[in-house]
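See below for the structure under consideration.
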Amino acid sequence: MNCESENKQVNLRKVAVIGCGFVGSASAFSLMQSGLFSEMVLIDADHAKAEGEALDISHGVPFAKHMKIYAGTYADIVDAAIIVITAGANQKPEETRLDLVHKNVAIYHSIIPEIAKRNCQGILLIVSNPVDILTYVALKLSGFPENRVLGSGTVLDTARLKYELSEHLSVDSRSIHAFIIGEHGDSEIAAWSSANVSGIELSEFCEMRGHYAHDENTRIIAETVKNSAYDIIMKKRATYYGIAMAVKRICEVIIRDEKSILPVSSRMHGEYGVEDVVLSMPAIVGKNGVENKVPITLNEEEQGMLKISADTLKKILQDIEK
């Protein structure tokens, strides 16, 4: 792959992070520690902020693996294998992710054309909120193939679900197979129909561990997961460590071509009756981005909730396109 306008090959050991706020800087720090990359460029509207973050993170390199970390410009992203975009306004207490939409869509109208005109061949990983809307906007503005534009989606929400279930069941979270799907936000759905613990149906495993109030317990856990970000923002004004780890994991899957199944944001084409909207469903992710969506078992109620989630996002898209 190459970038014809710049005549540069994609460097699989290079990552770019656009936006050096809480999420961007935490993601950069996580990526430095991962050992996945040997070069990382940080870009921010406040160049001095990017310089400060690059310098601060660079001082940790002697404790990790060698890496070149620096503040740069859009000219420096042309050969990046992955371009992580975290730029945007912060979510305030009592503000939903969708409340951020107009502010952050405007910011993306200044960022994405700068990437598109350089004919970059790397993968765009959208992290800013509302991530589903902004992934759709990035897809439209960039003109990139759909597989190369994905959002962090409900990867973090799914991790929160696994954490809560692991606490509830006193079992390793890595043995839990469950997904949050739909919008990364208030209309997200816990896909209980397909949830299991090492192949054992969730309700059966719960009873093995002495829990029988399935409806009440799953309702409480789903609500806790959905409200996690609001709770954290209320207490410390922002969430960034969890999403930074999610960004690291997605990059790892891409760079190592793991073909892992992650609930990333990607465009729907009729699956479960949902068309032309970006939301999260489990998908095989590898070196070329999103390879295939993975059909999971959803009962009638969950399918209906997914349609409602998609319609919520569609209404927002119609509003911003006016």
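The values are calculated or read from the model by the stated rules, or taken from the named source; none is laboratory data. Quick caveat: nothing in here was measured; it's all calculated off a predicted structure. When we count neighbours, we look across all protein chains shown, and the Cβ atoms used for this are built from the backbone with ideal geometry, even at glycine.
What number of residues within segment 217-247 are free of Cβ contacts under 8 Å to residues at least 12 places away in the same chain, among the β-branched types (Val, Ile, Thr) and either under 22 Å from GLU207 (Cβ atoms) or in contact with a Pro (Cβ under 7 Å, 6 or more places away or on another chain) (or both)?
1
Checking the structure you have, find out if any residue of segment 28-36 is under 16 Å from LEU124 (Cα atoms), in contact (Cβ under 8 Å) with a residue 24 or more places away in the chain and either in the same structural domain as LEU134 (by TED's automatic domain parsing) or within 17 Å of the chain's Cα centre (by Cα) (or both).
yes
Please enumerate the residues belonging to segment 269-322 that are hydrophobic (A, V, I, L, M, F, W, C), crowded, with 18+ Cβ neighbours inside 10 Å and part of a strand (DSSP E or B).
VAL277, VAL278, LEU279, ALA283, VAL285, VAL290
Kindly list the number of the only condition in (1) modelled with pLDDT under 95; (2) surrounded by 15 or more Cβ atoms within 10 Å (Cβ to Cβ) that fails for GLN9.
(2)
Step by step: first the residues of segment 156-175, then only those that are surrounded by fewer than 22 Cβ atoms within 10 Å (Cβ to Cβ) and of a type in the set (A, V, I, L, M, F, W, C), then the one that is nearest to LEU313 (Cα to Cα). Which residue is that?
My answer is ALA159.
Which helices (runs of 4 or more DSSP H) sit wholly inside segment 68-181 and have at least 3 residues that are at pLDDT below 95?
It comes to 101-116.
Failed condition for TYR136, given (1) free of Cβ contacts under 8 Å to residues at least 12 places away in the same chain; (2) in contact with a Lys or Arg (Cβ under 9 Å, 6 or more places away or on another chain), with all others met?
With respect to (1) free of Cβ contacts under 8 Å to residues at least 12 places away in the same chain; (2) in contact with a Lys or Arg (Cβ under 9 Å, 6 or more places away or on another chain), TYR136 is out only on (1).
Might you let me know whether segment 252-260 holds any residue that is surrounded by fewer than 18 Cβ atoms within 10 Å (Cβ to Cβ) and of a type in the set (Gly, Ala, Ser)?
Yes, the conditions are met somewhere in segment 252-260.
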